[in-house]
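Below is one structure; the comments refer to it alone.
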Amino acid sequence: EEALADLRHESAERLEAAGATLEWTVEDGSGSGSGMSARVLHALRPMLREAINNIVKHADARSVTVTVKQEGEAGGVAISVADDGKGFDIDSVPAGHHGLLGMRVRVESHSGDLYVHSAMHQGTRVEAELPAHPTTNAEPA
């Protein structure tokens, strides 16, 4: 998928400029993400950009690993963005820093889930799971 290749290239350039390397893996059989729905790619793009932005601005990382896994033939995706940076206390994000919240809102607005794992001096891992098709929470009338 050209959009995924563009995201990989953009991420690698930004990380290289910050002194970090990128390892990028797509697990879908083809290695290209070609079965991903446009809706999933649309949700994935800003989440990945924000994760890379946070790494460049805050992590002081040397190595970043992005893993994109296609979940079945329907086109849902699980993505993980992990770094070896300085990490942070998730419960002590300073006021005015809304990147993680923005990622969560974007992912959840597409019926997905976002998980953030971090500890001081142990790096950070952001994981998102996006279904191929949104679910509705409406109850039957």
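Brief remarks follow.
- Computed over the chain: relative contact order in percent, which uses C-alpha pairs under 8 Å that are six or more apart: 23 percent
- Share, in percent, of DSSP beta bridges within segment 1-123 that are antiparallel, nearest 5: 55 percent
- Stokes-Einstein diffusion for the chain, with the hydrodynamic radius set to the Kirkwood value over Cα pairs and evaluated at 10 °C in a medium of 1.306 mPa s, equals 102 µm²/s.
- Straightening the chain between Ser109 and Lys86 buys 5.3 nm, computed as 0.36 nm per residue apart minus the Cα-Cα spacing.
- FRET efficiency for Ala95 and His117, using Cβ-Cβ distance with R0 set to 35 Å, rounded to 0.05: 0.95
- Helical segments meeting 20 Å axial Cα length and Kyte-Doolittle -0.5 threshold in the chain (DSSP H): 38-54
- Förster radius 30 Å - calculated FRET efficiency between Glu10 and His133 (Cβ-Cβ, nearest 0.05): 0.65
- P(r) of segment 38-112 over all Cα-Cα pairs, binned every 5 Å from zero, in whole percent: 3, 13, 24, 24, 18, 12, 5, 1, 0
- Local electrostatic count at Pro134 - Lys and Arg +1, Asp and Glu -1, tallied over other residues with Cβ under 15 Å: -2
- Over the chain, accessible surface divided per residue gives 57 Å², non-protein components excluded, 1.4 Å probe.
- Seen from Ala82, the other residues with C-beta closer than 11 Å to its C-beta sum to a net charge of -3, counting Lys and Arg as +1 and Asp and Glu as -1.
- Sum of side-chain charges, Gly19 neighbourhood, beta-carbon under 14 Å (Lys, Arg +1; Asp, Glu -1): -1
The values are calculated or read from the model by the stated rules, or taken from the named source; none is laboratory data. The structure presented is a predicted model; accordingly, all values stated were derived computationally and were not measured. Virtual Cβ from ideal backbone geometry, glycine too; neighbours counted across all protein chains shown. With ligands, DNA and RNA removed, areas are computed over all heavy atoms of the protein, side chains included. Shrake-Rupley method; radii C 1.70, N 1.55, O 1.52, S 1.80 Å.
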